[in-house]
Amino acid sequence: MNRRDALKAGTMAAAAALTGSIGSGLHLRATPPSPPDDPSGGPFSLPPLPYSYSALEPSIDAETMHLHHDAHHAGYVAKLNEALATDGGKPFRSMGIEELLRSLDRVPESIRTTVRNNGGGHANHTLFWSSMGISSISEPMGPLATSIDSTFGSLEAFKEKFSAAALGIFGSGWAWLSFDPATKRLLIETTPNQDSPLMSGRIPLLGLDVWEHAYYLKYHNKRADYIKSWWVVVNWHSLRERYREATKS
Ligand code: MN3
């Protein structure tokens with residue numbers, strides 16, 4: 001699939017999510033992207049996948065993508081909106097998700113954990129979807145490649161270190177390639193639950209979800225196999241764009 005086809009497939013997936021069917025009449029258990037029982041009406045909404053549910057096969061199966069996007073990610077968005085519909089949450093409704101996560105210490109204690117978990121879940125998954133898919137380049141290029149080499153030694157060394165970090169997370173969490181604006185350096189880090197590097201002042205560039213819901217249907221308890229297979233669908237083009245954006249200032 002070339003890039004144009006991939007984009008077309010993404011548009012079809014978005015349309016299919018609305019009509020409950022995929023492609024030419026093949027009906028899957030499609031759940032509408034905005035849960036109908038979400039009473040809050042925003043401010044956040046579930047972004048459609050930028051490709052079809054089966055676009056990441058065989059690395060990530062379509063059934064996992066349906067559950068992960070339509071149920072898990074949708075749930076984070078709904079619960080975040082609910083929290084922001086309370087009196088304590090209202091002042092934060094106009095913030096973008098990144099600003100909200102950087103401002104958690106100002107969020108009232110009564111909803112702070114809910115906003116942390118579900119706001120983090122929304123931001124993390126939005127980045128996760130866009131970190132994968134068909135890429136116009138098959139490895140890092142330009143300043144990103146230079147920075148990976150100078151920080152980690154080589155692309156292979158980076159992938160090994162990142163994979164080891166992801167494998168070593170106890171329980172549910174994320175592995176990240178982040179950019180630290182304070183030091184202007186790349187770093188590999190992990191976060192528990194749905195915490196985001198944004199909460200520590202860093203900019204997440206690439207994230208790997210190692211919650212069991214991300215891989216258990218296909219890989220069962222073999223997280224290492226999931227991680228190895230995930231590298232195949234990493235979208236280096238979108239990573240390059242995020243690195244460019246992060247290093248602008
Ligand atoms: Mn997840």
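The values are calculated or read from the model by the stated rules, or taken from the named source; none is laboratory data. Here the structure is a predicted model, which is why all the values come from computation and not from measurement. All Cβ positions, even for glycine, are placed from backbone atoms using ideal geometry, and neighbour counts span all protein chains on display.
Could you count how many residues in the range 63-101 are in contact (Cβ under 8 Å) with a residue 12 or more places away in the chain, among the small types (Gly, Ala, Ser), out of contact with any helix residue (DSSP H, G or I) (no Cβ under 6 Å at 6 or more places or on another chain) and more than 16 Å from the ligand (Cβ to nearest atom)?
2
Return the only residue of 184, 248, 218 being surrounded by 14 or more Cβ atoms within 10 Å (Cβ to Cβ) and farther than 26 Å from residue 106 by Cα.
Residue meeting the stated conditions: 218.
Based on what the data block shows, is residue 106 within 19 Å of the chain's Cα centre (by Cα), of a type in the set (Lys, Arg), surrounded by fewer than 23 Cβ atoms within 10 Å (Cβ to Cβ) and away from the ligand (no atom under 14 Å from the Cβ)?
no
Residues checked against (1) over 19 Å from residue 63 (Cβ atoms); (2) within 13 Å of the ligand (Cβ to nearest atom); (3) not assigned by TED's automatic domain parsing to the domain that holds residue 64:
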residue: 181; (1), (2), (3): yes, no, yes
residue: 185; (1), (2), (3): yes, no, yes
residue: 190; (1), (2), (3): yes, no, yes
residue: 207; (1), (2), (3): yes, yes, yes
residue: 213; (1), (2), (3): no, yes, yes
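Where the second residue is of a type in the set (S, T, N, Q) and away from the ligand (no atom under 12 Å from the Cβ) and the first is modelled with pLDDT of 95 or more and lies in the range 112-123, which pairs have Cβ atoms under 6 Å and are six or more apart or on separate chains?
Once the first residue is modelled with pLDDT of 95 or more and sits in the range 112-123, its partners that are of a type in the set (S, T, N, Q) and away from the ligand (no atom under 12 Å from the Cβ) give 120/196; 123/196.
Could you run through the range 164-179 and say how many residues are among the aliphatic types (A, V, I, L, M), in contact with a Leu (Cβ under 6 Å, 6 or more places away or on another chain) and more than 16 Å from the ligand (Cβ to nearest atom)?
Residues in the range 164-179 being among the aliphatic types (A, V, I, L, M), in contact with a Leu (Cβ under 6 Å, 6 or more places away or on another chain) and more than 16 Å from the ligand (Cβ to nearest atom): 1 in total.
For every residue, the table says whether it meets (1) over 22 Å from residue 75 (Cβ atoms); (2) surrounded by 15 or more Cβ atoms within 10 Å (Cβ to Cβ); (3) within 16 Å of the ligand (Cβ to nearest atom); (4) outside the structural domain of residue 55 (by TED's automatic domain parsing).
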residue: 150; (1), (2), (3), (4): yes, no, no, yes
residue: 195; (1), (2), (3), (4): no, yes, yes, yes
residue: 230; (1), (2), (3), (4): yes, yes, yes, yes
residue: 233; (1), (2), (3), (4): yes, yes, yes, yes
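Can we say residue 243 is modelled with pLDDT of 95 or more and in contact with an Asp or Glu (Cβ under 8 Å, 6 or more places away or on another chain)?
Answer is no for this residue.
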